[in-house]
Amino acid sequence: MTYEQLSQTLGLVSADLKSVIVNIINFVLGLLAFLQLLMILYAGFLWFFSRGNEEMRYDAKIIVIRAIVGSGILALAWAIVNFLLTAVADWVK
């Protein structure tokens, strides 16, 4: 993937600074959400293949709990960023 294709995918070609910032933040938050999904899937595999091993089940449970807490933090971060960008955009106008 070339730099031009990446910048078009991320929406960095627009001249509006706000839209560039929003696109970068949304890309990063989307990537983090995908990584959390992978963490939950990994924990599910650990739990499934634990075969009664309490240590593996405990590890899987901790990973799921941490991923869920991380998802909540991620959702809160997204809400705060979007609120602030909207408030600043309205304030600047």
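Where helices (runs of 4 or more DSSP H) sit wholly within region 1-92, those with at least 3 residues that are among the aliphatic types (A, V, I, L, M) and modelled with pLDDT of 80 or more occupy 17-48, 54-92. If you take the residues of region 40-66 that are of a type in the set (Gly, Ala, Ser) and without any contact (Cβ under 8 Å) to a residue 12 or more places away in the chain, which of them is surrounded by the fewest Cβ atoms within 10 Å (Cβ to Cβ)? Looking at residues that are of a type in the set (Gly, Ala, Ser) and without any contact (Cβ under 8 Å) to a residue 12 or more places away in the chain, I get 52.
The values are calculated or read from the model by the stated rules, or taken from the named source; none is laboratory data. Keep in mind that what you see is a predicted model, and the values were worked out from it rather than measured. All Cβ positions, even for glycine, are placed from backbone atoms using ideal geometry, and neighbour counts span all protein chains on display.
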